[in-house]
Amino acid sequence: MSGIKKRILAVDDAPENLQFIVALLKDKYSVVVATSGQKALDIAKNSKPDLILLDIIMPQMDGYEVCRLLKSDLDTSSIPVVFVTSKNDAFDDAIGYSVGASAYIVKPIEPDVLRATVEAYLGE
């Protein structure tokens, strides 16, 4: 490994969820957090993370809209987006995939599932 950590943007309006994700991934990855959809879009555009972990249920702009905007922008369209959410029915999955999601992780987050999903997308 080159010593440069791959970058993950974790987006959730609940600080405790972000703290949990950072704690699980910080040893192997550089994790940046955003607490709103607009902050996530700004960070993604400016820093081009290698992967985005995105909550769906957020105020002002939900994760579906964030994902749609990321995928419609040439600068961010190739970044894989994994929804991390408590929404877990087929209808929600269909919406997520239609706006460009790569995968889903259902809350409560199982640490091994999160790590394995991240590794699958980042080739670690």
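The values are calculated or read from the model by the stated rules, or taken from the named source; none is laboratory data. From a predicted model like this one, the values you see are computed outputs, not experimental measurements. Cβ: placed from backbone, ideal geometry, glycine included. Neighbour counts: every protein chain shown. Keep in mind that these areas ignore ligands, DNA and RNA; they rest on the heavy atoms of the full protein, side chains included. Shrake-Rupley method; radii C 1.70, N 1.55, O 1.52, S 1.80 Å.
Under a 5 Å amide H cut-off, with hydrogens placed 1.01 Å from N, residue 8 pairs with 30, 31, 32, 50 among residues at least 5 apart or on other chains. Rolling a 1.4 Å probe across the protein heavy atoms gives the chain an accessible surface of 51 Å² per residue.
Spin-label model, residue 112 to residue 26: label points 7 Å out along the Cα-to-beta-carbon direction sit 2.5 nm apart.
Label positions at residue 14 and residue 122, each projected 7 Å from the Cα along the C-beta direction, are separated by 2.3 nm. Computed 3J(HN,Hα) for region 67-83, one whole-Hz value per residue from the Karplus formula 6.51 cos²θ - 1.76 cosθ + 1.60 where θ = phi - 60°, is 4, 4, 5, 4, 6, 8, 9, 4, 5, 10, 5, 8, 6, x, 10, 10, 6, glycine and proline marked x. Between region 91-124 and region 25-61, the C-alpha centres lie 14 angstrom from each other. Straight-line reach from residue 6: taking Cα to Cα under 22 Å and skipping same-chain neighbours fewer than 8 places apart, the lysines in range are 26, 28, 39, 45, 48, 71.
The phi-based Karplus calculation (6.51 cos²θ - 1.76 cosθ + 1.60; θ = phi - 60°) puts the 3J(HN,Hα) values of region 89-103 at 10, 4, 4, 5, 4, 4, 4, x, 5, 5, 9, x, 5, 8, 6 Hz, whole numbers, x for Gly and Pro.
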